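Structure first, then comments.
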Amino acid sequence: MNNKRKIVFLTGTRADYGKLKSLIHAVHDSEQFEEHIFVTGMHMLSKYGSTYREIEKDGFSNLYTYINQTTSTAMDITLSNTITGFSNYVAEVEPAAIVVHGDRLEALAGAIVGAFNNIKVFHIEGGEVSGTIDESIRHAISKFSHYHFVSNEMAKKRIMQLGEPSENIFIFGSPDIDIMYSDSLPDINTVKEHYEIPFDQYNIVMYHPVTTTPLPTLRKQVKELVAGLLLSNENYVVIYPNNDSGTDAILEAYESFKGNEHFRMFPSMRFESFLTLLKNASMIIGNSSSGIREACIYGTPAIDMGNRQQGRYDTKTSASILHIDENAKQLLDAIQKAHEMILIPESHFGEGNSDEIFINTLSSDQIWDHHVQKKFIDVNF
């Protein structure tokens, strides 16, 4: 008889899977728990590389795939679809806990289903700030969640401001660093050969839509990005944006790269391969959190454009990050500055042992004896 507690991980994007992967491995290797993975969102869309196949390759035992959208489904309808599908799945699996990450609508759906069904919800990397609707979604997830695994002390303080008890908040760093520090990454020649990347030197581009930005403004911004990249005459590995509203405007602008020998474009990429490329890149350009979190760990300069990552770093003290507006001239100047930067790799988000802290916390009686009924804790101002 299997007496292991079932832990369900919900993943909707290549990014959150990279954050959850080491934690899933820790649960998989445990004698106390059994991992289950609900795979949906971008993973299921061929436009973005059908990345559910990459999860299948990792060999986890209990995988369930669910299509929650088409490429044109509105975000609110996608949220509704995910709640319906995940609710039915949870009723069948009967997990002891649900693990969600970050600020995506799939994670919000998972937290809502867990809260409404008296299932403990663990939220990974709550308490972060950004300049978009993602921040509101992230804080909403925190309020539906019972336990919080955060990246640093500042994130813990923010969740306490939301009325969450400090004893339910655990600082464990950023779990993708577990993989970044591991010896499981492929070497750069293997990655270049697999993805047919011919460049000796290259920059990475990851630019996502900001859902609160009007479409005409977004088109103007991405036009500036594309113009600057083309004028630079450098080599680029361009990875498609996420599937938020506005992504088609970005992809339309990227049509200018087709046939240009300086550009290689990919709908998606295996997380470990991306990390190897980031480690060996001259810089990363765009508005992805990879430029804020992962790049500094490898000492790779980052050019952060616009307001998507607003509030997630201090422009005066973050030595590895150059912040600019979406402006072609500013981008060209920043590229030159980035080439001149000499950085020492450093981590502000843990030491690569998030998986150990996570599984040790799950193994404590405190987690399972605690009632799911929540109480707002006032902050003493």
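The values are calculated or read from the model by the stated rules, or taken from the named source; none is laboratory data. All values reported here derive from a predicted model rather than from experimental measurement. Neighbour counts run over all protein chains shown; Cβ positions are idealised from the backbone, glycine included. For the accessible areas, the whole protein counts, side chains as well, though only heavy atoms, and no ligand, DNA or RNA atoms are used. Shrake-Rupley method; radii C 1.70, N 1.55, O 1.52, S 1.80 Å.
Listed residues Lys47, Lys19; which is under 24 Å from Ile367 (Cα atoms) and modelled with pLDDT under 95?
Matching residue, one of Lys47, Lys19: Lys19.
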Before we move on, is Tyr313 open to solvent by 10 Å² or more (accessible area, probe 1.4 Å), of a type in the set (Ser, Thr, Tyr) and within 22 Å of Asp103 (Cα to Cα)? yes
Scan the stretch 238-245 and tell me whether some residue there is surrounded by fewer than 20 Cβ atoms within 10 Å (Cβ to Cβ), modelled with pLDDT of 95 or more and either closer than 18 Å to Asn327 by Cβ or not aliphatic (A, V, I, L, M) (or both). no
State yes or no: is Ile37 open to solvent by 20 Å² or more (accessible area, probe 1.4 Å), out of contact with any His (no Cβ under 8 Å at 6 or more places or on another chain) and either part of a loop (DSSP other than H, G, I, E, B) or among the β-branched types (Val, Ile, Thr) (or both)? no
Go through (1) more than 20 Å from Leu20 (Cα to Cα); (2) among the hydrophobic types (A, V, I, L, M, F, W, C); (3) at pLDDT 95 or above for Met75 and report which single condition fails. (3)
For the stretch 249-297, how many residues meet the condition of being in a helix (DSSP H, G or I), free of Cβ contacts under 8 Å to residues at least 40 places away in the same chain and farther than 19 Å from Ile179 by Cα? 7
Residue among Ser136, Ser174, Ser151 that alone is closer than 30 Å to Phe376 by Cα, surrounded by fewer than 22 Cβ atoms within 10 Å (Cβ to Cβ) and either within 19 Å of the chain's Cα centre (by Cα) or touching a residue at least 12 places away in the same chain (Cβ under 8 Å) (or both): Ser136
Quick one: is Tyr64 part of a strand (DSSP E or B) and either open to solvent by 50 Å² or more (accessible area, probe 1.4 Å) or over 23 Å from Ser184 (Cβ atoms) (or both)? yes
Only residues that are part of a loop (DSSP other than H, G, I, E, B) and either surrounded by fewer than 17 Cβ atoms within 10 Å (Cβ to Cβ) or of a type in the set (S, T, N, Q) (or both): list them for the stretch 206-233, please. Thr211, Thr212, Thr213, Pro214, Asn233
Sort out which residues of the stretch 290-342 are among the aromatic types (Phe, Trp, Tyr) and under 20 Å from Pro209 (Cα atoms), and write them in order of number. Tyr313
Can you name every residue in the stretch 42-53 that is open to solvent by 50 Å² or more (accessible area, probe 1.4 Å) and either farther than 20 Å from Ile239 by Cα or in contact (Cβ under 8 Å) with a residue 60 or more places away in the chain (or both)? Lys47
Pick out the one residue from Lys57, Lys6, Lys19 that is under 17 Å from Ser273 (Cα atoms), charged (D, E, K, R) and in contact with a helix residue (DSSP H, G or I) (Cβ under 7 Å, 6 or more places away or on another chain). Lys19
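Counting just the residues of the stretch 337-381 that are of a type outside the set (D, E, K, R), in a loop (DSSP other than H, G, I, E, B) and open to solvent by 100 Å² or more (accessible area, probe 1.4 Å), which one comes out nearest to Ile179 (Cα to Cα)?
His348
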Go through the stretch 138-154 and count every residue that is within 20 Å of Asp176 (Cβ to Cβ), at pLDDT 95 or above, assigned to a helix (DSSP H, G or I) and among the aliphatic types (A, V, I, L, M). 1
Go through the stretch 68-92 residue by residue and tally those that are surrounded by 14 or more Cβ atoms within 10 Å (Cβ to Cβ) and either touching a residue at least 24 places away in the same chain (Cβ under 8 Å) or of a type in the set (Asp, Glu) (or both). 12
Count of residues meeting criterion [touching a residue at least 60 places away in the same chain (Cβ under 8 Å) and either assigned to a helix (DSSP H, G or I) or touching a Gly at 6+ places or on another chain (Cβ under 7 Å) (or both)] in the stretch 191-205: 4
Checking Ser142 against (1) under 22 Å from Phe358 (Cβ atoms); (2) in contact with a His (Cβ under 8 Å, 6 or more places away or on another chain); (3) open to solvent by less than 20 Å² (accessible area, probe 1.4 Å); (4) touching a residue at least 40 places away in the same chain (Cβ under 8 Å), which single condition isn't satisfied? (4)
